[in-house]
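To start, the structure under review is shown below, and the notes come after it.
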Amino acid sequence: MGSAWARTFEQFPYLFDVLVTGAGMTVIVTAGGFAVAVVLGLVFAVFRTARSPLLRSAATLYVEIFRAVPVLTQLFIIYFGLATIGIKLAPIPAAVIGFGINGGAYLTEVFRAGIEAIHRGQTEAAYSIGMTRPMTVWHIVLPQAIRVVLPPVANFAIGLLKDTSIASAVAAPELTYRAHMLVDQTYLSTQIYLMVAAIYLMMSLPLSRLVRRLERRMGQGHLR
Amino acid sequence: MSPAQLEVATHEWMPQLLVAALGTLEMTALAYVLGATVGLLIALAGHSPRRFLSAPARFYVEIVRGTPALTQLFLIYFGLASVGIAIPAFETAVLGLGLNYAAYMAEVYRAGIEAIHRGQREAAQSIGMTHGQTMRHIVLPQAVRVILPPMANYAISLLKDTSVASLISAPELMLRARDLSSEYYMPMQLYLIAGTIYFVMAFPLSRAVRRLERVLGKGHAAGAA
Amino acid sequence: MAEQRDAGLDSAPNDNGGAARRALVKVAGLHKRFGTLEVLKGIDLEVRAGEKLSIIGPSGSGKTTLLRCINHLEKPNEGHVYIDGKLIGEKLVDGRYVEMKDREVARLRAGIGMVFQRFNLFPHLTTLQNVMIGPVKVLGMPPEAAEAAAIDLLKKVGLGHKRDAYPETLSGGQQQRVAIARALAMRPKLMLFDEATSALDPELIGEVLIVMSQLAAEGMTMIIVTHEMQFADDVSDRVIFMDDGQIVEEAPPHELFRSPSHRRTQAFLRAVLEKQAYQ
């Protein structure tokens, strides 16, 4: 066992290099998935509060289905399943789409709660000076909702960063996948996974701290 | 899906998948209990005025919440193996997921305690209660209302997270689906069925949680105090 | 404003050579239910241009609901509301009443100003922006002109120096005065006040009432739901006492306050006086 640690120390630069490359891919998948999720979340949140029952049901369906199924299953369907009907996606796009669709369902609820958190008095005041419904949403509700929504969305991003480890199961060359490869090569399992944990921590802790400061500032800038 | 495939699906797959789903439920339940218990201990320790308790507790929460559950599962699985302890994958998954969720649940408990804490503690102290008595008789009973909705939601997310245990070959639904998929070369159908089974398990739960939230008047989110 | 004052109470502003005293606001047979609870049980009301009408009554009497029906923030179950002779919230199409589109209602609402109990200022905008946003976005006024007009209005309510402040930094009384300026920026022909001072600390009520009196003196048509009896007495041309969804009594203030004819009015006023004796 001692020799394993010695070997780790010897090969450390190489190991670290490979893992950091993987970490870069982790960030890319996170960013891509986040972007897709935000767009889908906004679209479906608007549907959820629309007046057309068709749009509302479509949004409800989307949210309920994609929040009840594990993201791993969704990734497998997109990567392995679609391939059998002719849609062959590379691991990274599959991961981005999978996390995006899954995350979008979650963010839909976050955005909807944000919109509903805006006190009814605000919309009434806007109507009373002659604003139409769309004008009220654009000028009054959305600017305020964005502030309410920022902390949960930021926390979602951090969660997504960690969830991308699952993309290793569809061979996306992110951090966890690279770790598997290294372990297969070197058999230094414990040591490598410790390094992996450390790298995830290095990515997530500063973000968490930022979000906590954001949350504290949101708590002060209140909304009537 | 052709009629022949449909037959295979119902006769070959479904029994296996349903049994595996039971494994999922079992794993969820065990990990949940572990997480809720350990989480409570961590929360109480984190809240303690004694630094030798609160510091490690807060450290634990930061580390575990800052790394993916999958990494933690791998660490436990391979780490234990390298020191000669061989725990079967199922138990490893229960342990790993339980300890992972303990950190998140500790935060929920903490939020619940803090939502009640300030003014009440002073009132309790002014009538002579110790820290322990204050927690037991005043804070915790009220904190339950704040804690229940997030804890219920965690049950649902834990159910989904057990799928990750398939990656250390723990016997649950996704592993069975994957094995069948490599046997029959029909990943689309198998994973769609697996997804449906998850949906059938999770959806009623989330409906129940939403009713719970409404009854309790939305315990969590900013402004609960 | 000058025209309204000269027009007085006896001739409508758009009088085309007739003696017609067209009411600025007309409410006919208004009923409003919330679920099984009937809050307005048949209200008939007319308010002439330049008139100041106060509505008093116990909570739950329907006063606020009535006010909100006038600018169609609440949709009546039965009855009609006419603003300056025009139906609001619905239109007559081939003899049938049909719901009015959101955009048309919005346009009508632009001519009615409302001041809310809880001010409802837009927290993400400065005071000046709060006052300007209506004219710029709804009336399409060019920003420079709107800004100049807004500054004038803020000065008029005594808050010119606070124009770059955000609502959360202002006191309740200041916020309500900004809210009044915001409503006035739309140059409405009618102002509705929904318990404008009820959410204010006692020492801040005065500054808002002063602005309201000023507005009244300038000839604005005002419908005021209030608990401030002294103010209602000073400023109104007519007072309405509402109870349990109906108009119980309607009279000029010196009559209603000093010698109310209805038993319920008397009981209400007595209770109010008792409370004021404590303060």
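Just so you know, all these numbers are worked out from the coordinates, no wet-lab data involved. Only a predicted model underlies this, so the values are computations on that prediction, with no experimental measurement involved. Cβ sites come from the backbone with ideal geometry, for glycine too, and all protein chains shown count toward neighbours.
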Report task. Report the equivalent ellipsoid semi-axes for the protein assembly as shown in whole Å, largest first, defined as the square roots of five times the eigenvalues of the gyration tensor built from alpha carbon atoms. Result -> 63, 29, 24
Query raised in the report: Given a Förster distance of 30 angstrom, what is the FRET efficiency for C:Asp233 paired with C:Glu203, based on the Cβ-Cβ distance and rounded to 0.05?
Result: 0.90
Query - Evaluated over region C:24-172, the Cα radius of gyration and Dmax, each in Å - result: 18.0, 53
Report summary line: The exposure ranking of A:Tyr193, A:Tyr106, fewest beta-carbon neighbours within 10 Å first, is A:Tyr106, A:Tyr193
Query raised in the report: Among A:Ile115, A:Ile97, A:Ile65, whose mean-square fluctuation peaks in a Gaussian network model of chain A (Cα, cutoff 10 Å)?
Result: A:Ile65
Query raised in the report: Just from its helices, what would the mean residue ellipticity at 222 nm be for the protein assembly as shown, if runs of 4 or more DSSP H residues each count -39500 (n - 2.57) and the sum is divided by every residue, rounded to the nearest 500 deg cm²/dmol?
Result: -20500 deg cm²/dmol
Report task. Return, for the Cα atoms of region A:1-108, the radius of gyration and Dmax in Å, separated by a comma. Result -> 19.4, 67
Report summary line: Relative to the compact-globule estimate 2.2 N^0.38 Å (N residues), the Cα gyration radius of chain B stands at a ratio of 1.23
Query - Per-residue Cβ neighbour rank within 10 angstrom, fewest leading, B:Asp161, C:Asp237 - result: C:Asp237, B:Asp161
Report task. With 10 Å bins from zero, work out the P(r) of chain C over every alpha carbon pair and list the percent per bin. Result -> 6, 27, 35, 24, 7, 0
Requested in this report: Just add up the charged neighbours of C:Ser171: K/R +1, D/E -1, any other residue whose Cβ is under 11 Å from the Cβ of C:Ser171.
Outcome: -2
Report summary line: The ³J(HN,Hα) series, computed from each phi in region C:141-153 with the Karplus coefficients 6.51, -1.76 and 1.60 at θ = phi - 60°, rounded to the nearest Hz and given as x for glycine or proline, is 5, x, x, 5, 5, 4, 5, 4, 5, 5, 4, 4, 5
Requested in this report: Partner chain Cβ atoms within 10 Å, averaged over the residues of C:106-114 - can you pull that number for me?
Outcome: 4
Query raised in the report: Of C:Lys26/C:Lys52; C:Lys52/C:Lys162; C:Lys75/C:Lys275, which sit over 25 Å apart, Cα to Cα?
Result: C:Lys52/C:Lys162; C:Lys75/C:Lys275
Query - Förster-model FRET efficiency, 25 Å R0, C:Glu38 and C:Glu255, C-beta, rounded to 0.05 - result: 0.30
Query raised in the report: Once label points are set 7 Å from the Cα along Cα→Cβ at both A:Ala113 and A:Arg51, what is their separation, rounded to one decimal in nm?
Result: 2.9 nm
Requested in this report: Would you grab the residues whose amide H sits under 5 Å from the one on C:Asp244? Only those 5+ places off in sequence or on another chain, please, with H modelled 1.01 Å from N.
Outcome: C:Ser61
Query raised in the report: For the residues B:Leu53, C:Leu45, C:Leu92, what sequence is obtained by ranking on other C-beta atoms within 10 Å, fewest first?
Result: C:Leu92, B:Leu53, C:Leu45
Query raised in the report: So how long is each side of region B:47-110 along the principal axes, counting just the alpha-carbon atoms, biggest first, in Å?
Result: 38, 22, 17
Requested in this report: For chain A, return all DSSP H helices satisfying: extent of Cα atoms along own axis at least 30 Å; mean Kyte-Doolittle hydropathy at least -1.0.
Outcome: A:2-48, A:91-117, A:189-220
Report summary line: Once both label points are put 7 Å beyond Cα along the C-beta direction, the C:Gln276-B:Val144 separation in nm becomes 5.1 nm
Query raised in the report: Put a dot 7 Å past each Cα toward the Cβ at B:Tyr185 and A:Glu10; how far apart are the dots in nm?
Result: 4.5 nm
Report task. Report, to the nearest 10°, how far helix B:14-47 tilts away from the longest principal axis of the Cα atoms in chain B, using its own Cα long axis and a range of 0 to 90°. Result -> 20 degrees
Query - Inverse of mean 1/r across different Cα pairs in region A:130-224, Kirkwood, Å - result: 16.4 Å
Query raised in the report: Using alpha carbon centroids, what distance separates region B:58-88 and region C:125-146, in Å?
Result: 59 Å
Query - Prolate/oblate/rounded label for region A:38-191 (Cα gyration tensor, a/c 1.5) - result: prolate
Query raised in the report: Could you give the alpha-carbon Rg of region B:1-103 over 2.2 N^0.38 Å, rounded to two decimals?
Result: 1.49
Query raised in the report: For the Cα atoms of chain B, what angle does the longest principal axis make with the long axis of helix B:187-216, in degrees from 0 to 90, nearest 10?
Result: 30 degrees
Query raised in the report: Debye sum, Cα scatterers, region C:137-279, no solvent: what log₁₀ I/I(0) at q = 0.09 1/Å?
Result: -0.35
Requested in this report: Excluding B:Ser181 itself, calculate the net charge of residues whose Cβ lies under 15 Å from the Cβ of B:Ser181, where each Lys or Arg counts +1 and each Asp or Glu counts -1.
Outcome: -2
Query raised in the report: Want the number for B:Arg50 to B:Ser2: 0.36 nm per residue separation, take away the alpha-carbon distance, what's left?
Result: 10.6 nm
